[in-house]
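The values are calculated or read from the model by the stated rules, or taken from the named source; none is laboratory data. None of these values were measured; they are calculated from a predicted model. Reconstructed Cβ throughout: ideal geometry from the backbone, glycine too, with neighbour counts over all protein chains shown. Ligands, DNA and RNA are stripped out before the accessible areas are found, and what is left, the full protein with its side chains, is counted by its heavy atoms. Shrake-Rupley method; radii C 1.70, N 1.55, O 1.52, S 1.80 Å.
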Amino acid sequence: MARNRFLILFLLLVVVAACQKKEVELLRFPYPYQAAFTICSDIDNTETLPEFTTIQEYLCSHQQTALGKGLGLPVGNSFWMDNQLLRTGRSQDFSQPNPDYGISYNSALEDSSSAVRQTIKEFVQKGWIDCLHSYGHFSNTGFNRKLAKDFVQTMQQDSLFVDVFSDHGGTENLHSLGHRKHQLGDNPEAEVYHADITQDYGIKFLWDGQLSHSIGLSGDFSCENFLKTSLEAGQDWLNSAFSYQHNGEVAYPITLDDGSKIYRFVRYLNDRSHYDTADINFLDEQLNDKVLQKLVKNRGYLLYYTHLGANSGFPYLKEETKQQLHKIKDLYEQKKLWVASTSKLLNYFVVHKNLNWQVIMASDQVRIEIEKSNDPVWGEYLPSLQQLQGISFRVPKNSKVEIVVKNQKLPINYHQNALADYDFVTIGGEL
Ligand SMILES: [Zn+2]
């Protein structure tokens, strides 16, 4: 009998503890955002410099552009180091039905190469480019390790630093990274092996093909997302000799063929419907009102996969596309949807996921101590202020908060919350 009473008491205590909100709690996103979004575009099909700059200025700046006033969305684009098609003029050795004349750092079709190079440099500096869309567009004999070394040397000399790599093309692009048969860039036996050089240069995140229909990965549990993920896992299992992991996360560690580790990330294409082409002309359907509402509700990440250059020519973006982009801008300005570059979102996600912290409380004093993180890919590290920017906590009302790393106080923003008996605090000022 006594044992049963103890058991019941213990269970009651567990339930009470579970129901009670902790006094200090780490928020999933920078306060007050509820979900996160980016446009993660591959540079294919962006064939001229005016097309590239006009679209990016419209998305990122606040200035007047040929498409209207800039939206001020801090999203990035991607770049190539070279396009073999432009260099050799041969198209027959590429498997795509339409030749891809996309611009690159070392080659251009209509524009001067130096103008393209200058724009790519500027955009990387400004954060308007944050991804390397593989090293470029190559035939199956066009790439080798020596080329990768030369590209990295140029990128280092010209301060082109990005930490996201997305595979490009079909099976002819052998320098892709990943586990599929044609993805030989991480196979040390292959002529196109470069994963070691590329990771030394600074690549931390890889997109090697995984797409999801889930709206808000790494978010709250949703039956719909769970069913979609299960179906995707089933399809993968049935149709291919190779499977991605379907864990509902926006990024997770994988081991490449050479034994090195990297974070794989997952992009969103559509809400399980007909618009299954990653072209910007489908944005209004792929990111329709329902999708945006669900994203905020599910409180997760959505990295929208597209090709901004795959449009119908000037003025590049359809009216419907611009309307939908305006809705994203509104959600961003209302501080419901956090919009940032792919790199920023992924770095935040990983730092947040592995954050190691403890709190010491005495009356109205709250001291949050950030400790070393132990990351399955990055190893042990002490997060820098830059990495911690945006990390937010819920704290008791009118607390006197300090957040420290190794006894060093970090800059914080304290947010009074008139509607409830708690407030919020964010590291590193405004995002
Ligand atoms: Zn591509």
Could you work out which residue, out of Gly127, Gly313, Gly216, moves most in a Gaussian network model of the chain, that is, has the largest mean-square fluctuation with Cα springs under 10 Å?
Gly313
For region 205-251, what class follows from the C-alpha gyration tensor (a ≥ b ≥ c being the square roots of its eigenvalues): rounded when a/c is under 1.5, otherwise prolate if a/b is larger than b/c, else oblate?
oblate
Compute the long axis of helix 319-333 from its Cα atoms, compare it with the longest principal axis of the Cα atoms of the chain, and write down the angle in degrees, 0 to 90, nearest 10.
30
Taking a cut-off of 19 Å between Cα atoms, list the lysines near Lys181, but don't count ones fewer than 8 places away on the same chain.
Lys261
Between helix 145-157 and the chain, what is the angle of the helix's C-alpha long axis to the longest principal axis, kept within 0 to 90° and rounded to the nearest 10?
70
FRET E, pair Lys336, Lys146, Förster distance 51 Å, beta-carbon r, rounded to 0.05
0.55
Rank Thr229, Tyr414, Thr53 by how far each Cα sits towards the positive end of the charge dipole of the chain (+1 on Lys, Arg Cβ; -1 on Asp, Glu Cβ) and give me just the farthest.
Tyr414
Lysines within cross-link reach of Lys409: Cα-Cα under 30 Å, excluding same-chain residues under 8 positions apart?
Lys21, Lys22, Lys126, Lys204, Lys335, Lys336, Lys344, Lys353, Lys372, Lys397, Lys400
Any idea how far the Cα center of region 269-305 sits from the one of region 331-345, in Å?
15
Packing-based order for 132-143, 357-368, 65-76, 169-180, using average beta carbon neighbours within 10 Å, highest first:
132-143, 169-180, 65-76, 357-368
Is region 339-431 best put as rounded, prolate or oblate by its Cα gyration tensor, with a ≥ b ≥ c the root eigenvalues, rounded for a/c under 1.5, and otherwise prolate when a/b is larger than b/c, oblate when not?
oblate
Find the centroid of the Cα atoms in region 359-388 and in region 107-143, then give the distance between the two in whole Å.
37
Ala362-Ser384 FRET efficiency (beta carbon distance; Förster radius 35 Å; 0.05 resolution):
0.80
Compute a Gaussian network model of the chain, connecting alpha carbons closer than 10 Å, and tell me which residue from Ser104, Ser384, Ser260 fluctuates the most.
Ser384
Carbon/sulfur fraction of accessible area - the chain, other protein chains in place, 1.4 Å, %
52
Rounded to the nearest 10 degrees, what's the angle between the helix 223-239 long axis and the longest principal axis of the chain, both from Cα atoms, 0 to 90?
40
Cα gyration tensor, region 35-345 - rounded (a/c under 1.5), prolate or oblate:
oblate
Leaving out ligands and nucleic acids, and using a 1.4 Å probe, what accessible area per residue does the chain come to in Å²?
46
